[in-house]
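Undergrad: This is the structure, below, for whatever I ask next.
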Amino acid sequence: DSGVTQTPKHLITATGQRVTLRCSPRSGDLSVYWYQQSLDQGLQFLIQYYNGEERAKGNILERFSAQQFPDLHSELNLSSLELGDSALYFCASSAGGDEQFFGPGTRLTVL
Amino acid sequence: DQQVKQNSPSLSVQEGRISILNCDYTNSMFDYFLWYKKYPAEGPTFLISISSIKDKNEDGRFTVFLNKSAKHLSLHIVPSQPGDSAVYFCAASPPVGGADGLTFGKGTHLIIQP
């Protein structure tokens, strides 16, 4: 158990809809990262937050956004969903070092 | 453009023997490398890492070797055990000033045969 929690575990929705994925980092970790793992891709970095502020952006679509709240939990919002957005979404946290600790993931299925 | 490549999608090794997983990278500015292990339906679990200023790091049965001139790293597992069967991801930490997300390879599925 990494100490990072993600909800929900599974999410099934339709094209055009909007969903919110939630992540609680390890106790004391200020950094939260979001990654997407599609069937034919490795883990792709989406975005990082540090202590409530956006710190870095990776391959995140404009339809996607995230935020980190004062209690350090983070939410990833995915809107205008397309079939190709079906993937595993992982959240990771770190205390500032290079090691990141991953949650169990949310499997999103867009029908 | 894949900056971190794991060219073997799968690897089968007999229990008790050595498992060697390979990883190549193209960005010479990467300064930290990590290996993660992933079981089905779970998130990646951190295994071992190495700084670019070192060429070897050892932790129990796991050793990571880094060859900077060849832009190549490898993970050695010895002896291999059935519980080592999983997908192994190589990851690289970006240069200072770059995005702080890790760049991952596509993974190697390690199968330990009894």
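Quick note: the coordinates plus some simple rules give every number you see, no bench work behind them. Bear in mind that the values here come from a model prediction, so they are computed numbers and not experimental data. Every residue, glycine among them, receives a Cβ derived from its backbone with ideal geometry; neighbour counts consider all protein chains shown.
Undergrad: Filter B:Lys5/B:Lys38; B:Lys38/B:Lys71; B:Lys5/B:Lys71; B:Lys37/B:Lys106 down to the pairs with a C-alpha to C-alpha distance above 21 Å, please.
TA: Beyond 21 Å between Cα atoms: B:Lys38/B:Lys71.
Undergrad: Moving on to the next point. Compactness ratio of the stretch B:15-95: Cα Rg over 2.2 N^0.38 Å, N = residue count?
TA: 1.08
Undergrad: Which value, in debye to the nearest 20, gives the size of the charge dipole of chain B about its Cα centre, when Lys and Arg are +1 and Asp and Glu are -1 at the Cβ?
TA: I would put it at about 160 debye.
Undergrad: Now a separate question. Please work out the FRET efficiency for the pair A:Gln17 and A:Leu39, using the Cβ-Cβ distance as r and a Förster radius of 22 Å; give the result to the nearest 0.05.
TA: After rounding to 0.05, the efficiency reads 0.60.
Undergrad: Continuing with the same structure: If contacts are Cα pairs under 8 angstrom and at least 6 residues apart, what is the relative contact order of chain A in percent?
TA: 38 percent
Undergrad: For the stretch B:1-100, what does the relative contact order come out to in percent, with C-alpha contacts under 8 Å and a separation of six or more?
TA: RCO, the stretch B:1-100: 35 percent.
Undergrad: Excluding residues on the same chain fewer than 8 positions from A:Lys57, give the aspartates and glutamates whose Cα lies under 14 Å from its Cα.
TA: B:Asp100
Undergrad: Right, here's the next one. From the phi angles alone, apply the Karplus equation (6.51, -1.76, 1.60; θ = phi - 60°) to the stretch A:49-61 and give each ³J(HN,Hα) in whole Hz, x where the residue is Gly or Pro.
TA: My calculation for the stretch A:49-61 gives 10, 10, 6, x, 10, 5, 10, 8, 10, x, 7, 9, 6 Hz in order.
Undergrad: Take every Cα pair under 8 Å in the stretch A:68-111 that's 6+ residues apart, average their separations, divide by the length, and report that relative contact order as a whole percent.
TA: Answer for the stretch A:68-111 is 38 percent.
Undergrad: Please compute the length gained on full extension between B:Ser52 and B:Val78, using 0.36 nm multiplied by the number of residues separating them and subtracting their Cα-Cα distance.
TA: 7.1 nm
Undergrad: Taking the number of other C-beta atoms within 10 Å as the exposure measure, put B:Tyr32, A:Tyr89, A:Tyr33 in order starting with the fewest.
TA: B:Tyr32, A:Tyr89, A:Tyr33
Undergrad: OK, next. When the expected Rg is taken as 2.2 N^0.38 Å, what fraction or multiple of it is the alpha-carbon Rg of the protein assembly as shown?
TA: Working it through for the protein assembly as shown, the quotient is 1.01.
Undergrad: Once phi is turned into θ = phi - 60°, what whole-Hz ³J(HN,Hα) does the Karplus curve with 6.51, -1.76 and 1.60 give for every residue of the stretch B:32-38, x standing for Gly and Pro?
TA: These are the phi-based 3J(HN,Hα) values: 8, 10, 9, 10, 10, 10, 9 Hz.
Undergrad: Please list, in order along the stretch B:4-14, the HN-Hα scalar couplings obtained from phi with the Karplus expression 6.51 cos²θ - 1.76 cosθ + 1.60 (θ = phi - 60°), rounded to whole Hz, x for Gly and Pro.
TA: Along the stretch B:4-14, the couplings run 10, 10, 10, 7, 9, x, 8, 8, 10, 9, 6 Hz.
Undergrad: Give the long-range amide H neighbours of B:Glu15: residues separated by 5 or more places, or on another chain, with amide H under 5 Å away, using H modelled in the peptide plane at 1.01 Å from N.
TA: B:Gln113
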